[in-house]
Amino acid sequence: MKIFRRSVCSTIVAILCMQPVLANETEKRLDKLEKRLAELEQQVASKDRKIEQLERETTVTARVADKAAEVAISSALFTRFLERPSYQFDAPDKSIELTNSDTTLQIGGQIWLDAIYNSGEMTNRAGFQPSSISYDEGVTQDKTTLSAGQSNLFVNSSTPTQYGAMTTRFGVDLFDSQGNAKFNLTHLWGELGNWGAGQTFSGFMDIDAFPNIMDYWGPNSVVFARQPQLRYNLRTNADDKFMFTIEKSDADLALPNFVAGNDFLYIEQNDLPDITASYINGFAKGYIKSSIILRQLGYETSSSDDKVIGWGINVSGKYAIDRKNTLKYQLTHGKGIGRYVNDACCSYYADGTADGVATGGSDAGIDINGKLQAIPITVGYAYLDHQWSDKYTSSIGFGYVDIDNITSQRSRALSNSLYSNVNVIWNPTAMSRVGVELQYGKVESFGAEDADNVRLQTSIGFKY
């Protein structure tokens with residue numbers, strides 16, 4: 001019994017003696033646990049920060065992707081609005097999303113200055129127009145012109161609909177033939193699905209084949225008209241497209257030489273609109289566009305009237321010879337289509353202000369029996385656009401107009417003209433352009449008078 005008591009007492013004493021040791025061990029373990037918890041909390045916080053950073057990066061990436069998609073969609077929507085090459089800059093057009101709307105806007109244009117020197121009597125001071133050269137000396141009062149007429153402004157829009165994108169274009173430029181700045185409505189156009197309506201380039205012309213030149217007027221032989229129309233597009237595949245238009249008609253009649261002065265009083269008869277149809281065939285190195293036009297021309301006086309059919313065929317396009325050289329061309333023939341051709345539409349002697357004897361237009365003329373005859377015309381041009389480097393380009397080419405005048409036309413009526421130019425264009429930035437261009441033109445009348453002009457033009461353009 002005494003032994004048992006001693007064992008119990010010894011055990012109790014040993015336990016009591018071990019308590020401080022156990023307490024110390026427990027505290028050490030608690031300290032380790034607290035440190036470990038602190039480390040885990042730091043690791044969790046670090047992971048949370050990384051997750052937040054990844055979420056932010058994902059959000060930014062998604063926004064960038066969305067914006068890229070918007071730009072891609074916007075670009076796809078607006079590619080149908082073509083312009084001449086000298087108005088096309090490397091910088092993309094900027095888009096604006098309207099609040100509380102699905103509509104996207106593009107607003108842009110260019111500030112442009114032309115500095116021009118003439119050697120001859122070209123009365124169109126801001127555009128190189130051979131048919132505006134005077135046969136008489138001393139008509140123009142100066143040799144130089146500064147013009148900001150190629151400056152322009154456009155507003156495009158695109159709105160998704162159940163029928164596809166609805167796109168619109170509003171455009172103005174500041175061109176004036178005397179170098180002054182005035183507003184001209186160039187485009188007032190809308191499209192929905194395959195249909196379009198408003199004012200824009202004629203279906204008979206091909207703006208995409210316009211050469212890369214600095215001159216505003218363009219080749220004397222280019223088919224060029226912007227007018228009210230209704231259009232239907234039919235794309236059969238990625239490369240082939242048909243287009244049909246009904247366009248405003250305006251007969252541009254020649255005044256007869258058997259009537260004295262400008263007192264031949266007649267009323268143009270535009271009973272039917274002009275109708276065009278075209279087919280565009282694209283291929284790897286370019287495209288070919290074939291167009292036809294049908295017109296009805298008419299006149300009426302107090303004692304006579306008559307009508308005649310006008311028609312025309314236009315073949316145009318471009319072909320990439322290689323990576324640096326592109327050929328652009330147009331060949332047109334018809335009768336009664338003079339007003340669609342650059343030089344034939346606007347001769348200096350047409351309205352009589354030059355010498356008091358108006359020649360009238362080049363669509364059709366009236367013979368001695370009062371019959372209306374459509375005037376035949378053949379025109380064409382060819383240009384080579386060359387890419388020297390990313391920043392330097394050049395273009396060289398010529399155009400020719402040949403009118404088969406009828407016998408009743410007046411002696412100073414336009415008969416033929418030549419247009420040619422060569423240039424060097426520098427693009428210092430994606431939104432600026434500087435070019436120097438040498439131009440030569442010659443004109444000849446039905447009465448065999450001729451005149452020519454050499455022009456040197458320097459142009460500076462800024463996109464906005």
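The values are calculated or read from the model by the stated rules, or taken from the named source; none is laboratory data. Everything numeric in this text was worked out from a predicted model, so none of it was measured. Cβ placement follows ideal geometry from the backbone for every residue including glycine, while neighbour counts extend to all protein chains displayed. These accessible areas exclude ligands, DNA and RNA; they are computed on the full protein's heavy atoms, side chains included. Shrake-Rupley method; radii C 1.70, N 1.55, O 1.52, S 1.80 Å.
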* Arrange the residues Tyr440, Tyr419 by how much accessible surface each exposes, largest first, with a 1.4 angstrom probe. => Tyr440, Tyr419
* Asked: If packing is taken as the mean number of other Cβ atoms within 10 Å per residue, what is the order of 40-46, 331-337, 116-122, highest first?
  -> 331-337, 116-122, 40-46
* How long is the gain from Lys28 to Ile396 if the chain were fully straight, where each residue apart is worth 0.36 nm and the alpha carbon distance is subtracted? -> 123.3 nm
* **Theoretical FRET efficiency, 1/(1+(r/R0)^6), r = Cβ-Cβ of Lys285 and Ser432, R0 35 Å, to 0.05** => 0.75
* Structure fact -> Projecting the Cα atoms of Gly356, Val341, Thr378 onto the charge dipole of the stretch 333-464, where Lys and Arg contribute +1 and Asp and Glu -1 at Cβ, the residue farthest towards the positive end is Val341
* Structure fact -> With a ≥ b ≥ c from the Cα gyration tensor eigenvalues, square-rooted, and the rule rounded for a/c under 1.5, otherwise prolate when a/b > b/c and oblate otherwise, the stretch 164-236 is oblate
* Structure fact -> HN-Hα couplings for the stretch 360-371 via Karplus (6.51, -1.76, 1.60; θ = phi - 60°), in whole Hz with x for Gly/Pro, come out as x, x, 10, 7, 7, x, 9, 8, 5, 8, x, 7
* To do: Find which of Leu265, Met214, Thr168 sits farthest along the positive direction of the dipole of the chain, computed with +1 on the beta-carbon of Lys and Arg, -1 on that of Asp and Glu, about the Cα centre.
  => Thr168
* Asked: Mind checking the dipole of the chain: about its Cα centre, +1 per Lys or Arg Cβ, -1 per Asp or Glu Cβ, Debye to the nearest 20?
  -> 3420
* Amide proton proximity set for Ser395, modelled H, under 5 Å, gap of 5+ -> His386, Asn423
* With all protein chains present and a 1.4 Å probe, how do Tyr464, Tyr279, Tyr349 order by accessible area, largest first? -> Tyr464, Tyr279, Tyr349
* Cα long-axis angle, helix 2-78 against the chain (0 to 90 degrees, to the nearest 10) -> 0
* Structure fact -> For the chain, the percent of accessible surface on carbon and sulfur atoms (probe 1.4 angstrom, ligands and nucleic acids excluded) is 60
* Structure fact -> Honestly the stretch 207-316 on the Cα gyration tensor test (a ≥ b ≥ c root eigenvalues; a/c under 1.5 rounded, otherwise a/b vs b/c for prolate or oblate) is just prolate
* When the dipole is taken about the Cα centre of the stretch 324-459, and only Lys, Arg (+1) and Asp, Glu (-1) are charged at their Cβ, what size is it in debye, to the nearest 20? -> 400
* **With DNA, RNA and ligands ignored, accessible area of Trp388 (1.4 Å probe; Å², nearest 10)** => 150
* Asked: Per residue, how much accessible area does the stretch 93-149 have with a 1.4 Å probe, in Å²?
  -> 45
* Asked: Relative contact order of the stretch 83-183: what whole-number percent is it, with Cα pairs under 8 angstrom and at least 6 residues apart?
  -> 26
* Reported label for calculated percent of Cα pairs over 36 Å apart given (i) 30; (ii) 43; (iii) 21 -> (ii)
* Asked: Rounded to the nearest 20 Debye, what is the dipole magnitude of the stretch 203-352 about its Cα centre when Lys and Arg each give +1 and Asp and Glu each give -1 at the C-beta?
  -> 960
* Asked: With labels modelled as points extended 7 Å from the Cα through the Cβ direction, what inter-label distance (nm, one decimal) is found for Lys94 paired with Leu230?
  -> 3.9
* Structure fact -> Measure of exposure for Phe170: accessible area at 1.4 Å probe, Å² rounded to 10, is 80
* Relative to the present Cα-Cα distance, how much length would full extension add between Glu268 and Lys47 at 0.36 nm per residue of separation? -> 71.2 nm
* How would Glu25, Glu268, Glu191 line up by accessible area, probe 1.4 Å, largest first? -> Glu25, Glu268, Glu191
* Asked: What does the accessible area of Arg339 come to, in Å² to the nearest 10, when a probe of 1.4 Å is used?
  -> 40
* Asked: Which shape class applies to the stretch 286-413: rounded if a/c is under 1.5, otherwise prolate when a/b exceeds b/c and oblate if not, where a ≥ b ≥ c are the square roots of the Cα gyration tensor eigenvalues?
  -> prolate
* Which residue, chosen from Ser158, Ile116, Val422, occupies the Cα position most advanced towards the positive end of the dipole of the chain, where the dipole is computed from +1 (Lys, Arg) and -1 (Asp, Glu) charges on Cβ about the Cα centre? -> Ser158
* To do: Go through the stretch 324-335 residue by residue and turn each phi into a ³J(HN,Hα) via Karplus (6.51, -1.76, 1.60, θ = phi - 60°); whole Hz please, and just put x for glycine and proline.
  => 10, 10, 10, 9, 10, 8, 7, 9, 9, 9, x, 10
* Would you mind getting me the FRET efficiency between Thr407 and Ser302? Use the beta-carbon distance for r and R0 = 22 Å, nearest 0.05. => 0.35
